[in-house]
Amino acid sequence: MLSAYSAASVRAAEQPLLDAGHGAELMRRAAYGLTMGIISVLRSRGRAVYGARVAILVGSGNNGGDALYAGAALAARGARTTALLTSARSHPEALATFRNAGGRCLELSLETEKASFCAEAWASDVVLDGILGTGSRGGLREPAASVVAELDRLQGALRPLVVACDLPSGVDASTGEVDGPVLRADLTVTFGAHKAGLLSSPGEQYAGEVRLVDLGLDMQGAPELRRLEAADLAVLLPAPHNSDHKYTRGVAGIVAGSARYPGAALLAVAAASACGPGMVRYLGPEPVAAALALRNPEVVSSQDSPLEVRVQAWLLGPGIDGDDAQDERARDILLAGRAARIPTVVDAGALGLVQASDDGGNAHLVLTPHAGELSRLLQRCGVARSRAEIEASPRAAATEAATVLGAVVLLKGPTTVVADPLGAIYTQANGTARLATAGSGDTLAGILVALLAMGGRDLPTTAALAVALHGELARSAPSTPLNAGMLAGRIPAVWASVTGARPTRE
Ligand SMILES: NC(=O)C1=CN([C@@H]2O[C@H](COP(=O)(O)OP(=O)(O)OC[C@H]3O[C@@H](n4cnc5c(N)ncnc54)[C@H](O)[C@@H]3O)[C@@H](O)[C@H]2O)[C@@H](O)CC1
Ligand SMILES: Nc1ncnc2c1ncn2[C@@H]1O[C@H](COP(=O)(O)OP(=O)(O)O)[C@@H](O)[C@H]1O
Ligand SMILES: [K+]
């Protein structure tokens, strides 16, 4: 499990070491890790350090200091290093060390030097972003903002590799929010602890690969957010016991699909069934059930009322729009669920049926909106948040929705957020943009209801687990187009690969 912290927590953890006079040592370690990161990206492009061209953007604070020390280390190994001082002030010792090592300095305040730096950066192997770190307030300001915007224009094979020092400048270290231009990094070498902003949208999408350099910080207090990693999936994905029978293994009940959208039911059911619960029960129109019988003969289908069947978890909503009988089933489950407290995934067409609750009445619900659906959901609760606002601050929006609605909110996107009304947050970014395709959310909902039915973990952890598994379905796919219909079929292989060796008796 990965824990990520706010800038304030990281700085608080650094303080005792700074007070004890270890500041220079911390910076030396940070710069060493950064140097190693730059060398590794150079090698990934088949370049030696000797003779490599490295262009460095330097800010006024310690972030600029780290970058200058790394630049000095590279210059000492024969790299051609050029720094652009973006402020009248730079870390004095680091600047002197850089100059002594043979580094060239240009000043942003001089128009001709700015132009020569941009030309140098475009011809470089690596651009190092050391303008702002955890001490930044708001987005990049001028004149640095324009240089970054200009450098970020370069695309494709001509674009140099970009390494960010601690975090891409202009990304909020705590929230991941972005205000103004940011130079998209291929690698971010971050120091001391993972920053929550690099594990949140949109910041995460600017950070590239993130490597942590250990500074020996003693992080105090609860992390801002957590993330499940491969090793967690291996432990958390459920496995049957010898003594189990189908009802102890969990029954997933699914109310999805309609004459208009039969596919949503097919996708959700296929995904749920592939996760291996004791049983999948499908409630919905007869023609959809008939199609399911051919594709998933193990599924038990009926046109019953949900009040007549027993399940360990419900999924309501994919593709039910406009079908009165499905709508009624979803309403019945939501009403009965307030007493029965059966874990219930509320997706797509059922999201409009959820009412805000501050009495714990929704504590068994996991709502799974994308940003557009969350905007409408919040609107109904009297909170105006446009889709664009939600995409700009998804973590804040998911947390707000979880509080207002009293339910776990799983907000889908490139980095998916799971927010618990009690304040716990997971973010997962296992997937790739190939998941952004119609029906992919139905597959996620199917995985989630199956994992909930199989039980064993709390709602937010199970939700994060489902998102992680769903993401892995795309990550492990070859780089060819992917449609949602292909995803469920990948579950067994991906499950096997994330859980490692497969004992036959568990
Ligand atoms: N404190 C420590 O013990 C360590 C800090 N390290 C580095 O130090 C960084 C934090 O250093 P600082 O506290 O100096 O902070 P920064 O390096 O983020 O710089 C803050 C400076 O930038 C200016 N600034 C703030 N917001 C701005 C904006 N939006 N646009 C333009 N300028 C802006 C401020 O005037 C301030 O001078 C970390 O990110 C990390 O790179 C590392 O050396 C590891 C150890
Ligand atoms: N750029 C992206 N990178 C990775 N995953 C993404 C990206 N965009 C969307 N996703 C994921 O794809 C899925 C899309 O779900 P959803 O929007 O509900 O689609 P649908 O309603 O068509 O099934 C979600 O799991 C979401 O997190
Ligand atoms: K930076």
Exactly one condition in (1) open to solvent by 30 Å² or more (accessible area, probe 1.4 Å); (2) in contact (Cβ under 8 Å) with a residue 12 or more places away in the chain; (3) not polar (S, T, N, Q) is not met by Gly33; state its number. (1)
For residues that are within 8 Å of ligand 1 (Cβ to nearest atom) and more than 23 Å from the chain's Cα centre (by Cα), scanning just segment 138-156, find the one that is farthest from Val41 (Cα to Cα). Arg141
Looking at segment 9-24, which of the residues that are part of a helix (DSSP H, G or I), open to solvent by less than 70 Å² (accessible area, probe 1.4 Å) and out of contact with any Gly (no Cβ under 8 Å at 6 or more places or on another chain) is farthest from ligand 3 (Cβ to nearest atom)? Ala12
Identify the residue in segment 390-434 that is farther than 13 Å from Leu367 by Cβ, in contact (Cβ under 8 Å) with a residue 40 or more places away in the chain and more than 13 Å from the chain's Cα centre (by Cα) and, among all such residues, is most open to solvent (accessible area, probe 1.4 Å). Arg434
State yes or no: is Thr499 surrounded by fewer than 24 Cβ atoms within 10 Å (Cβ to Cβ), of a type in the set (Ser, Thr, Tyr), closer than 22 Å to Pro318 by Cα and touching a residue at least 40 places away in the same chain (Cβ under 8 Å)? no
Test Arg77 against the criterion of being surrounded by fewer than 23 Cβ atoms within 10 Å (Cβ to Cβ), within 26 Å of Tyr206 (Cα to Cα) and among the charged types (D, E, K, R), and give yes or no. no
Test of understanding: among Ser60, Ser109, Ser116, which residue is of a type in the set (Ser, Thr, Tyr) and within 12 Å of ligand 1 (Cβ to nearest atom)? Ser60
So is Arg28 assigned by TED's automatic domain parsing to the domain that holds Cys165 and over 29 Å from Ala193 (Cα atoms) or not? no
For segment 386-411, which residues satisfy the criterion of being closer than 16 Å to Val354 by Cβ and out of contact with any strand residue (DSSP E or B) (no Cβ under 9 Å at 6 or more places or on another chain)? Val404
Please verify whether Ala259 is crowded, with 23+ Cβ neighbours inside 10 Å and among the aliphatic types (A, V, I, L, M), treating the condition exactly as stated. no
Give, as residue ranges, the strands (runs of 3 or more DSSP E) completely inside segment 291-373 that count at least 2 residues that are open to solvent by less than 30 Å² (accessible area, probe 1.4 Å) and touching a residue at least 12 places away in the same chain (Cβ under 8 Å). 313-316, 344-346, 365-367
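The values are calculated or read from the model by the stated rules, or taken from the named source; none is laboratory data. Given the structure is predicted, the values throughout are model-derived calculations rather than measurements. FYI the Cβ positions are ideal-geometry reconstructions off the backbone, even for glycines, and counts take in every protein chain you see. Note: accessible area is taken over every heavy atom of the protein model, side chains too, but ligands, DNA and RNA are not part of it. Shrake-Rupley method; radii C 1.70, N 1.55, O 1.52, S 1.80 Å.
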